[in-house]
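The values are calculated or read from the model by the stated rules, or taken from the named source; none is laboratory data. These figures come from a predicted structure and were not determined experimentally. Cβ atoms come from the backbone with ideal geometry, glycine included; neighbour counts cover every protein chain shown.
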Amino acid sequence: MGPPVSHRWAARLHLPTLAVAVALLAVWTLLSWRYGAYVLPSPLEVVRGLGEVVRTGEVWRHTGASLARILVGFGGAVVVAVLLGLAAFVSPVGRGIVHDLVAVLNATSVFVWIVISIIWFGLSNWAPIFTTFMITLPVVGANIVEGVENVDRRLLEMGDVYRLDGRQKFAAIVVPSTLPYLLAGMKVGFGLALKVSVVAEIFGVTSGIGYIMNYSREILATQMVFVWALVMILVMTLADRLVFEVIARRLARWR
């Protein structure tokens, strides 16, 4: 016997989550009254600020600038990660090299790449692009290599029975097996790319979410800092629901 109808509707409407959100908003409002708008602007002030940046079009300018940089850096990382995955599939030696490379990149702090990017590219768009690339590459690369390692060896042996060459086995067996790992890596990597790019944009660019957040801090507009933080959350949520979940559903049907 399934759960009661009321429980199913509560889950479908996310009522527990909504209840927690209402409680948090109430606490937020009380703290705002206690400490003032400079320290913690009220939820209503943040919503009004969001409406203002949407009305003026400022949200599209800065969000678009950040997403453009992310797409270049993150897109490049995905391409290189796929090539690393191919190398890991072709050669056990290559797999070991890729493992070591990913471990080194994972151990390197984002601050290191930000400093190096400023030294190499100056105060330009390429600094956040390079930082995004270097931080997201090991995340996506590690997932792809894990996918390659988890390919069902029995399927590869069956491919040998049917006399499939390396290219055919890669297309018919390895690609479908590793795509879920690639998608998972991209999902995590995109969220990381957004955070890293915003941090890197503090240095030297004149557009983007990170730039406008830092500018708002400098002019003591705390309300707008919260507004742009909300914009980041909305961008990540929309990307998750409209891009990654759609791709995951289509991938499930294709497989």
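Observations on the structure shown:
- Of the residues making up region 22-38, those that are farther than 18 Å from G49 by Cβ, more than 30 Å from the chain's Cα centre (by Cα) and aliphatic (A, V, I, L, M) number 1.
- Positions within region 42-57 being in a helix (DSSP H, G or I), surrounded by fewer than 17 Cβ atoms within 10 Å (Cβ to Cβ) and not hydrophobic (A, V, I, L, M, F, W, C), in sequence order: P43, R48, G51, E52, R55, T56
- Yes/no for G189 being touching an Asp or Glu at 6+ places or on another chain (Cβ under 6 Å) and not hydroxyl-bearing (S, T, Y): no
- Here W60 clears all of (1) free of Cβ contacts under 8 Å to residues at least 12 places away in the same chain; (2) more than 18 Å from G208 (Cβ to Cβ) except the condition numbered (2).
- Look at (1) exposed (fewer than 14 other Cβ atoms within 10 Å of the Cβ); (2) modelled with pLDDT of 70 or more; (3) of a type in the set (S, T, N, Q) and you find that Q168 fails only one, number (2).
- Within region 105-125, the only residue that satisfies the criterion of being assigned to a helix (DSSP H, G or I), of a type outside the set (A, V, I, L, M, F, W, C) and exposed (fewer than 14 other Cβ atoms within 10 Å of the Cβ) is N106.
- Given (1) over 30 Å from F133 (Cα atoms); (2) within 23 Å of the chain's Cα centre (by Cα); (3) not aromatic (F, W, Y), number of the condition A19 does not satisfy: (2)
- Enumeration of residues in region 83-100 that are exposed (fewer than 15 other Cβ atoms within 10 Å of the Cβ) and closer than 19 Å to M186 by Cα: L83
- Pairing each residue of region 205-220 that is touching a residue at least 40 places away in the same chain (Cβ under 8 Å) and more than 14 Å from I129 (Cα to Cα) with any residue that is surrounded by fewer than 16 Cβ atoms within 10 Å (Cβ to Cβ) and of a type in the set (F, W, Y), provided the two are 6+ apart or on different chains, yields C-beta distances under 9 Å for L220/Y38.
- Selected residue (criterion: surrounded by the most Cβ atoms within 10 Å (Cβ to Cβ)) from residues of region 129-153 that are in contact with a Lys or Arg (Cβ under 8 Å, 6 or more places away or on another chain) and modelled with pLDDT under 90: V145
- Given (1) among the small types (G, A, S); (2) modelled with pLDDT under 90; (3) in a helix (DSSP H, G or I); (4) under 22 Å from S207 (Cα atoms), number of the condition A68 does not satisfy: (2)
- Number of the condition not met by V174 [criteria: (1) touching a Phe, Trp or Tyr at 6+ places or on another chain (Cβ under 9 Å); (2) buried (at least 17 other Cβ atoms within 10 Å of the Cβ); (3) modelled with pLDDT of 80 or more; (4) not acidic (D, E)]: (3)
- Test: residue in region 2-16 that is part of a loop (DSSP other than H, G, I, E, B), surrounded by fewer than 11 Cβ atoms within 10 Å (Cβ to Cβ) and modelled with pLDDT of 80 or more: no
- Residue pairs whose Cβ atoms lie under 7 Å apart, sitting 6 or more positions apart in sequence or on different chains, and linking a residue in region 94-111 that is farther than 11 Å from A142 by Cα to a partner that is modelled with pLDDT of 85 or more and assigned to a helix (DSSP H, G or I), are V110/T131; V110/I135; V110/V196; V110/V199.
- Of residues in region 222-255 being buried (at least 17 other Cβ atoms within 10 Å of the Cβ) and aliphatic (A, V, I, L, M), the one nearest to V188 (Cα to Cα): A239
- The single condition among (1) surrounded by fewer than 16 Cβ atoms within 10 Å (Cβ to Cβ); (2) at pLDDT 75 or above that V161 does not meet is (2).
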